[in-house]
Amino acid sequence: MRLLRIVPDNTRFKFVWFRRFSYPLSAAYSILVIVLFMTVGLNFGIDFKGGTLIEMQAKSGAVDIAKMRQTANGLGFGESEVQEFGGGNELSMRFALQPGGEAAQQMVVQKAREAFSADYDFRRVETVGPRVSGELVQAGTLGVVLAIMGVLIYLWFRFEMPLAIGAILGTLHDIVLTIGFFLITRLEFNLTSIAAILTIVGYSLNETVVVFDRTRELLRRYKTMPIPELLDLSVNSTLSRTAMTATTTFLSLLALVLFGGSAIEGFALVMLFGVVVCTYSAMFVSTPVLLYMDVRSQTARDEAREKAGTKTPAAKPKAG
């Protein structure tokens, strides 16, 4: 039985050459992300802003968004956010944090039930107070920062300095692009989003380590091969594995997006974007960075240090 091969064994694609396009594209996108982050900001969910979230499903027929928004705004709790999702008969309604503590938040839920329970089933109700939301912001931010620092420290010790710098830049690049996805699509940024970002960091690290391990192996095997050719060879030799991993992960996440329901749709969408970005980054961003570093000399110095460390000292002549 003939084996299925997504990528032919003799593939010789010039990945390094495409840095002429990938670097300007990534730089422009990163600048856009910074501008949007400073001006528009993330669409923080109830976890971080506090307030009340209500998800409802119409008992019959489709949702009239305009009428629902008008009714919700007339409840006296300020401007509400009403969004349709699902098959046209589901919606989410968000109310800002109300002054007056827990009793005020419960009043929002009570008024909403009185106004909509006749025509809608309440599928989900969440209330988050100011103290809890503030603690979640601090804990979430600290968790992301510590996780990223741990990954960067691991990369620094895992590879020689040029390879470590390339891997670190690739990981940071993927984080920035993922934040940009939240900014552009206006997806709600909540605790699930933090989990998605940390998962993407791990996936990015995995993709980069596989390619750079092969790069280090080839550097020691082909000591005279030009660096651009060697980098292309390292990516091409791992391309079959990269394609299989990305394809299976992509299809799994696509199934979650299509059939997983609204509860995990945002997470699955971000992860779907992350798989594409991490695969692109490993081939067209992290690897070409090594062109601008003295990667071969660093490898030679490390080899010499290893040989010096394993060399046994000469036996001293006996006296006498």
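The values are calculated or read from the model by the stated rules, or taken from the named source; none is laboratory data. Since this is a predicted model, take the numbers as computed values, not measurements. Glycine also receives a Cβ, built like all others from the backbone with ideal geometry; neighbour counts cover every protein chain displayed. Note: accessible area is taken over every heavy atom of the protein model, side chains too, but ligands, DNA and RNA are not part of it. Shrake-Rupley method; radii C 1.70, N 1.55, O 1.52, S 1.80 Å.
Here is how the numbers come out for the structure above:
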item: Helical mean residue ellipticity (222 nm; -39500 (n - 2.57) per DSSP H run of 4+; nearest 500) of the chain; result: -21500 deg cm²/dmol
item: Charge dipole (the chain, unit charges on Cβ, about Cα centre) - positive-most of T178, Y292, S252; result: Y292
item: Residues A195 and F250, FRET efficiency given R0 of 25 Å [Cβ-Cβ distance, rounded to 0.05]; result: 0.85
item: Proximal lysine pairs, the chain, alpha carbons under 23 Å, eight or more residues apart or interchain; result: 8
item: Å² per residue, accessible surface of the chain at 1.4 Å; result: 55
item: Span-rule helices in the chain, defined as complete DSSP H runs reaching 24 Å or more along the axis (Cα) with Kyte mean at least 0.0; result: 19-39, 130-158, 161-185, 191-221, 239-259, 262-281
item: Extension gain (nm, one decimal) between Q70 and F157, 0.36 nm per residue minus Cα-Cα; result: 25.5 nm
item: Relative contact order (%) - the chain, alpha-carbon pairs under 8 angstrom, separation at least six; result: 24
item: The chain - charge dipole about Cα centre, Lys and Arg +1 at Cβ, Asp and Glu -1, debye rounded to 20; result: 1760
item: Top positive-direction residue, dipole computed over the chain with Cβ charges, set S281, Q98, L239; result: L239
item: Solvent-accessible area, 1.4 Å probe, carbon plus sulfur percent, for the chain; result: 63
item: Overall dimensions of the chain by Cα: Rg and Dmax, Å; result: 26.4, 108
item: Gain in span if fully extended, S237 to F37, counting 0.36 nm per residue against the direct Cα distance; result: 68.2 nm
